[in-house]
Amino acid sequence: MRKSFRGYSWRAFLGDFFGGAIAALIALPYGLAMASLMGLPPILGVYTSLITSPICALLGRNPVLIGGTSSATVPFILGAVRLQGISGAAKVCIFAAIFLLIFGQLRLGRHVSKVPHAVLAGFSCGIGGLMIISQLRTIFALSPPPGGWSGTMFRQLVQVAERYREFHWLPAVIAAIVMVISTLIRMRAPRAPGPFIGVGVALAAATIFGWHASEVGAVPLSIPPFAGFTWSPDDVMTVLPAAFGLAFVTSVELLMTSRVVDHFRGRHQLMKKVDADMELGAYGIANLIGGLFAAPTSVGIPARSVANVQCGATTRISNLIHGFLLLVMMTLGATFISRVPLAALAGVTAWMGLRLLDWGTWGRLPKMRPVDALAFVLTALAVLIVNALPAVALGCSLYLIRHVVLRIWTRAPEQVAAATEAASAPEVVPAARVASQPEIGN
């Protein structure tokens, strides 16, 4: 630890501070929304970040990876809540954390770290599109359609397009201000906290011109009680399968997000094998403690992590600041934070999504190997049409198919040559057979 912070400068601290601050701004409304989707009290989504961020900062291997609640975990936790309430969610999250620790001990994380680069780029691009589409309903202040918003981003995009007559342009202007300011600052001063400044400018403009848009609002603050529950034999068939699925989804999304963040840090080498396993262990410990409070499972979040990097964060101090400022926002800064327009935060997330679209890879598609280009495109689209986990599996399956086809293709000529050689060779008669034949002429 001491070696990691040797030469830590004031400039590095400012980068960590602004990175942690913008990550906390995004985490507050997002955590509330995710917990509500899971059927939990909204405040528990924020406690996921508060409880797990210091643990992940101290034990995790990626110093600028920011964790929190994720939409990928919603089906598992929501199903547990419907069956057994908050205690059911606590059981699923606790046992998922135990599975994460087991995955780390079995060294399974290193296999996820071997995902081909084209699949990683497609995953990153798909997550970027997901971040943009998921914020359109906030940017245009759309009310939910009959039956609610779809769980897949592609269908949700269709729902937004169908409601174009209901677009509200004032929140869209606020989001556009954040995105334009962030882009300009990024062009002129890449190390400056563009998204943080953009939110400040948007808030100032809304105050000066009297723009009325949906705001973050008051956030209730109360210490969550320890989640009490009882174990029954039926839980073996209900809780454990859901916990295993939650742990599997969490591990894949966590390690893939970690590689995306490393890409934006300028670290293009593969993740070390031990780092992947230790990352799973760190989040396993953090989620085990969070689960005692029924806090939803923490996963690496691309929006917050990339925002952290883009604002200049370089060390794990940014993760600690993210958790600390989140607590400050909920207490001392509750009045100020309650006035921040939701559209401004949506603009930050959408801007980060645009950054993740990997425009350079799209331009290189004609020059890439066919399997790489196809894996990139299919993975990106599958993230939007299905979800992240099947998307990664689909992209990796292309390389498996290619490997099998090449093995068959290269072995076929060898088998043909061997058969031809065997057919043209003279027949060798065994000695025993020759001795048993009668001599002619006797």
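The rows are residues; the columns are (1) under 21 Å from I26 (Cα atoms); (2) of a type in the set (K, R); (3) surrounded by 20 or more Cβ atoms within 10 Å (Cβ to Cβ).
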| residue | (1), (2), (3) |
| --- | --- |
| V158 | no, no, no |
| R165 | no, yes, no |
| M187 | no, no, no |
| T230 | no, no, no |
| V239 | no, no, yes |
| A242 | no, no, yes |
Just need a number here: residues in segment 199-217 that are touching a Phe, Trp or Tyr at 6+ places or on another chain (Cβ under 8 Å) and either touching a residue at least 40 places away in the same chain (Cβ under 8 Å) or outside any helix (DSSP H, G or I) (or both). 0
Given the residues S49, S87, S53, which is the only one that is in contact with a strand residue (DSSP E or B) (Cβ under 6 Å, 6 or more places away or on another chain), part of a helix (DSSP H, G or I) and not aromatic (F, W, Y)? S49
Check whether at least one residue in segment 304-327 is at negative phi, free of Cβ contacts under 8 Å to residues at least 24 places away in the same chain and not aromatic (F, W, Y), and report yes or no. no
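Filter segment 314-341 for residues that are assigned to a loop (DSSP other than H, G, I, E, B), among the β-branched types (V, I, T) and either closer than 16 Å to V199 by Cβ or touching a strand residue (DSSP E or B) at 6+ places or on another chain (Cβ under 6 Å) (or both) and give the result.
At the first step, the residues of segment 314-341 found to be assigned to a loop (DSSP other than H, G, I, E, B) are 314-316, 331-333, 339-340.
Now drop any that are not among the β-branched types (V, I, T), which leaves 314-315, 331, 340.
If the condition is that a residue be assigned to a loop (DSSP other than H, G, I, E, B), among the β-branched types (V, I, T) and either closer than 16 Å to V199 by Cβ or touching a strand residue (DSSP E or B) at 6+ places or on another chain (Cβ under 6 Å) (or both), then V340 is the only one that fits.
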Taking segment 296-313 and the residues there that are among the β-branched types (V, I, T) and assigned to a loop (DSSP other than H, G, I, E, B), the one that is nearest to L354 (Cα to Cα) would be I301
Could you check segment 321-354 and list, in sequence order, the residues that are under 30 Å from L398 (Cα atoms) and surrounded by fewer than 21 Cβ atoms within 10 Å (Cβ to Cβ)? L354
Do we find a residue being more than 24 Å from L78 (Cα to Cα) and outside any loop (DSSP other than H, G, I, E, B) anywhere in segment 284-295? no
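Suppose the filter is at pLDDT below 90 and either part of a helix (DSSP H, G or I) or closer than 20 Å to F95 by Cβ (or both); does A21 pass it?
no
For residues that are outside any loop (DSSP other than H, G, I, E, B), surrounded by fewer than 23 Cβ atoms within 10 Å (Cβ to Cβ) and not polar (S, T, N, Q), tally how many sit in segment 122-146.
Here the count works out to 5.
Answer with yes or no whether A307 is at pLDDT below 85, buried (at least 24 other Cβ atoms within 10 Å of the Cβ) and under 19 Å from the mean Cα position of the chain (by Cα).
Judged against the criteria, A307 is not a match.
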Segment 182-215, residues that are within 12 Å of V348 (Cα to Cα) and more than 26 Å from the chain's Cα centre (by Cα): G200, A202
Taking S36 and the conditions (1) farther than 16 Å from G300 by Cβ; (2) touching a helix residue (DSSP H, G or I) at 6+ places or on another chain (Cβ under 9 Å); (3) at pLDDT 90 or above, which numbered condition does it fall short on, given that it satisfies the others? (3)
Within segment 342-442, considering only helices (runs of 4 or more DSSP H) that don't extend past its boundaries, which have at least 2 residues that are modelled with pLDDT of 75 or more and farther than 30 Å from A204 by Cα? 359-364, 370-385, 388-424
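The values are calculated or read from the model by the stated rules, or taken from the named source; none is laboratory data. Quantities reported herein were computed from a predicted structural model and do not represent experimental measurements. Methodologically, a virtual Cβ is constructed for each residue, glycine included, from the backbone with ideal geometry; neighbour enumeration extends over all protein chains shown.
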